[in-house]
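Everything below concerns the one structure shown next.
The values are calculated or read from the model by the stated rules, or taken from the named source; none is laboratory data. Model, not experiment: these values are computed from the prediction. Here the Cβ positions follow ideal geometry from the backbone for every residue, glycine too, while neighbour counts run over all protein chains shown. We work out accessible area using only protein heavy atoms, side chains counted, and drop any ligands, DNA or RNA first. Shrake-Rupley method; radii C 1.70, N 1.55, O 1.52, S 1.80 Å.
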Amino acid sequence: MITIGAALDAVLASARPLGAEEVPLVEALDRVVSETVTSPTDLPPFTNSAMDGYAVRGEDLTGDRQSLRVIAEIPAGSVSVAHVGAGQAAKIMTGAPLPAGSDTVVPVELTEPASHAVTVGSSVVIGGSVTAGANVRRRGEDLSSGATLLAPGRVLGPADLGLLAAVGLATVRVSKRPRVAILATGSELVAVGEPLGPGQIRDANSITACGQVLRAGGQPRLLGIARDDREDTCRMLAQALEADVVVSSGGVSVGEFDLVKEMLEELGVDRRFWGVKVKPGWPLTFGVKGDTLVYGVPGNPVAAMVSFELFIRPAILKLQGRSDVYRPCVDAAAAERIKPTKQRVELPRCRLIRGAGGWTFARTGPQGSGALRSMTLADGLALVPAGYPGSESGATFPIMLLDGTSNVRPPFPE
Ligand code: AMP
Ligand code: MG
C-alpha cells in the first residue's frame with residue numbers, strides 16, 4: 001500500500017490538460033479559461049453621466065444659487081452635438097455621453113424646478129454644491145483597451161461573463177470538459193427505479209459519482225451496471241475506456257468475484273498502484289491507457305466518494321487546466337474522543353462547529369464505509385494519522401473541507 005500523497009502524485013503526474021474549445025457566454029459559467037483574454041476596448045467606452053441631472057462646466061459652479069440655460073436634452077442611447085459653454089447646461093440621463101464642453105454632472109435632486117418642467121431653452125437653478133468633475137464615469141476608468149481581463153485557469157463566474165459581454169466578446173475559449181465514464185460492478189446491484197430481487201441492493205455509486213463529476217466540471221456518462229462475470233465486466237470496461245476518465249466502482253478488493261483489476265490488465269491498462277493507506281477506501285486501483293485515467297474505486301459508497309474526493313476530483317480539475325485542484329483545509333479541535341488508528345490514515349466524516357475558541361468538529365454518526373449518511377451530514381474529512389495513539393477531546397486535526405478549492409495540498413499525514 002502507498003501513502004495518500006504518493007497516490008495523489010501518481011494520479012496528477014498522469015493527468016495532462018485537455019484541449020480548448022470556444023463557447024458562447026451563456027454556456028461558459030464555471031468553465032475554465034484556457035488563454036489570456038485582453039480587452040478589445042475601453043470600459044466605459046465613452047465618458048458618460050453617472051446620474052440623471054445636468055451636464056455643466058465645473059468652473060461655472062460657484063456655490064451660489066446660480067441659474068444656467070438649458071441648451072440640450074440627452075437621453076441614454078443618444079449623442080448630442082451640443083457644446084456646453086459658460087452659463088449653460090445640458091439635461092442628461094444616466095449613461096448618456098457627456099456633451100462637449102462639460103465635465104461635471106449636477107444631480108437632478110439638487111436642481112429646481114422639477115426635471116419635467118425644464119425644457120430646452122428654459123433655465124435650471126443649481127441649489128446645492130457639487131465638486132467639479134463629479135458624477136462622471138470617464139472613458140476607460142474601469143478597464144483600458146489591451147488590459148488583461150482573464151488569465152488562464154480562471155473559473156468563469158457571472159461577473160466575468162458580464163465583463164466579457166460589456167467589452168463585446170460573445171464567446172470565450174475554455175478548456176474542454178473531461179468526459180467521465182461511470183460504471184458500477186456487482187451482481188447484487190439494481191438501478192434505482194428497477195424492482196429489487198432478494199439479496200439485491202440499489203446502485204448508489206453511479207449517482208453519487210455523477211454528481212461529483214458534474215461538480216468538478218466533468219461530463220458524466222453513466223454506463224450502468226456490470227455483473228460480476230468476466231465477459232460483462234470486460235465489455236463495459238472496454239466501452240468506458242473511450243472516455244478521458246473511467247470511474248468504475250466495486251470489485252477491486254480481495255474477494256473471489258473482484259474481477260476489475262484483472263480485466264483492466266487484460267484490456268491493456270497500465271496499473272500505477274493498487275492499495276492506499278487510507279480508511280475508508282484502501283482497495284483503490286489506478287492505471288492509465290493512452291491518455292485515459294482509469295480508476296477502480298471500492299464499492300462501499302463512502303469509500304467510493306472519499307476516493308473520488310482524494311484522487312479523482314484533483315485529476316478532473318487538472319485536465320481542465322486548473323492549478324487549484326485541492327480542497328481547502330482548516331484546523332479544528334475534536335469535540336470528542338478520537339480513537340487510536342492502525343496502519344492507515346483515517347478520514348472520519350465530520351461536521352464543523354464554530355465555538356468561542358474557534359472551530360471544533362464532531363463525527364457525523366456511524367462511520368462505516370457503507371454508511372452514506374455520514375457523508376450527507378459532513379462538512380469535511382478529519383485527517384487522523386496512521387498509528388495515532390488516540391486522544392481525549394480537544395486534540396487538533398486538519399479538516400479537509402468537502403467544498404471550495406485551493407492551490408495548497410492538504411497536509412495528508414502518513
Ligand atoms: P465491493 O467493493 O464490490 O466488494 O463492494 C463492497 C460493498 O459495497 C458491498 O457491500 C457492495 O454491495 C457495495 N456496493 C458495491 N457497489 C455498490 C454500488 N454501486 N452502490 C451501492 N453499494 C455498492
Ligand atoms: Mg462487488
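Scan segment 224-241 for residues that are hydrophobic (A, V, I, L, M, F, W, C) and farther than 16 Å from Gly268 by Cβ and report the count. Give the derivation first.
Filtering segment 224-241 down to residues hydrophobic (A, V, I, L, M, F, W, C) leaves 225-226, 234, 236-238, 240-241.
Within this subset, residues satisfying the condition of being farther than 16 Å from Gly268 by Cβ are 225-226.
Adding up the residues that qualify gives 2.
A single entry from Ser175, Ser187 fulfils the requirement of being in contact with a helix residue (DSSP H, G or I) (Cβ under 8 Å, 6 or more places away or on another chain) and either modelled with pLDDT of 95 or more or not hydrophobic (A, V, I, L, M, F, W, C) (or both): Ser175. For segment 201-223, taking the residues that are assigned to a loop (DSSP other than H, G, I, E, B) and within 16 Å of ligand 2 (Cβ to nearest atom), the one that is nearest to Ser175 (Cα to Cα) is identified as Ala204. Candidates Ile338, Ile353: the one that is touching a Gly at 6+ places or on another chain (Cβ under 8 Å) and outside the structural domain of Leu183 (by TED's automatic domain parsing) is Ile338. Taking the criterion of being within 27 Å of the chain's Cα centre (by Cα) and charged (D, E, K, R), the residues of segment 127-162 that qualify are Asp142, Arg154, Asp160. Return the pair list, or none, for Cβ contacts closer than 7 Å from residues in segment 246-268 that are near ligand 1 (Cβ under 8 Å from one of its atoms) to residues that are part of a loop (DSSP other than H, G, I, E, B) and β-branched (Val, Ile, Thr), at least 6 apart or on different chains. Taking only residues 6 or more apart or on different chains, the pairs are Asp258/Val252. Restricting attention to segment 99-110, the residues being touching a helix residue (DSSP H, G or I) at 6+ places or on another chain (Cβ under 8 Å) and open to solvent by less than 50 Å² (accessible area, probe 1.4 Å) number 2. The combined condition, being of a type in the set (Asp, Glu), within 30 Å of Ala151 (Cα to Cα), assigned by TED's automatic domain parsing to the domain that holds Ile207 and away from ligand 1 (no atom under 16 Å from the Cβ), is fulfilled by Asp291.
For segment 52-75, give me each residue that is open to solvent by 60 Å² or more (accessible area, probe 1.4 Å) and farther than 12 Å from Pro99 by Cα. Spell out how you get there, then give the answer.
If we filter segment 52-75 for residues that are open to solvent by 60 Å² or more (accessible area, probe 1.4 Å), which is where we start, we get 52, 59, 62, 64-65, 67, 69, 73, 75.
Once the filter is applied, which keeps residues that are open to solvent by 60 Å² or more (accessible area, probe 1.4 Å) and farther than 12 Å from Pro99 by Cα, segment 52-75 yields Asp52, Glu59, Thr62, Asp64, Arg65, Ser67, Arg69.
The residues of segment 111-133 that are in a loop (DSSP other than H, G, I, E, B), touching a residue at least 60 places away in the same chain (Cβ under 8 Å) and open to solvent by less than 50 Å² (accessible area, probe 1.4 Å), listed by number, are Gly127, Val130, Gly133.
State the number of residues belonging to segment 192-214 that are closer than 30 Å to Asp291 by Cβ, in contact (Cβ under 8 Å) with a residue 12 or more places away in the chain and more than 9 Å from ligand 1 (Cβ to nearest atom).
First, pick out the residues of segment 192-214 that are closer than 30 Å to Asp291 by Cβ: 203-214.
Narrowing further to those that are in contact (Cβ under 8 Å) with a residue 12 or more places away in the chain: 203-210, 212-213.
Those still in the list that are more than 9 Å from ligand 1 (Cβ to nearest atom) too: 210, 212-213.
The number of residues fulfilling the criteria is 3.
One line per residue, one yes/no per condition, for (1) part of a strand (DSSP E or B); (2) modelled with pLDDT of 95 or more; (3) more than 16 Å from ligand 2 (Cβ to nearest atom); (4) polar (S, T, N, Q):
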{"residue": "Leu196", "(1), (2), (3), (4)": "no, yes, yes, no"}
{"residue": "Ile225", "(1), (2), (3), (4)": "yes, yes, no, no"}
{"residue": "Leu237", "(1), (2), (3), (4)": "no, yes, no, no"}
{"residue": "Val247", "(1), (2), (3), (4)": "yes, yes, no, no"}
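Among the residues making up segment 95-109, those that are under 42 Å from the mean Cα position of the chain (by Cα) and part of a loop (DSSP other than H, G, I, E, B) are Gly95, Ala96, Leu98. Scanning segment 249-263 for residues that are touching a strand residue (DSSP E or B) at 6+ places or on another chain (Cβ under 6 Å) and either more than 14 Å from ligand 2 (Cβ to nearest atom) or of a type in the set (Ser, Thr, Tyr) (or both) returns a single hit, Ser249. In segment 322-378, of all residues being among the charged types (D, E, K, R) and without any contact (Cβ under 8 Å) to a residue 40 or more places away in the chain, the one that is least open to solvent (accessible area, probe 1.4 Å) corresponds to Arg363.
In segment 274-281, the count of residues that are hydrophobic (A, V, I, L, M, F, W, C), crowded, with 24+ Cβ neighbours inside 10 Å, closer than 22 Å to Glu346 by Cα and away from ligand 2 (no atom under 15 Å from the Cβ) is one or more. Do the conditions hold for Arg177, that is, is it farther than 30 Å from Val56 by Cα, part of a strand (DSSP E or B), open to solvent by 30 Å² or more (accessible area, probe 1.4 Å) and away from ligand 1 (no atom under 16 Å from the Cβ)? Here the answer is no, as Arg177 does not meet what is asked.
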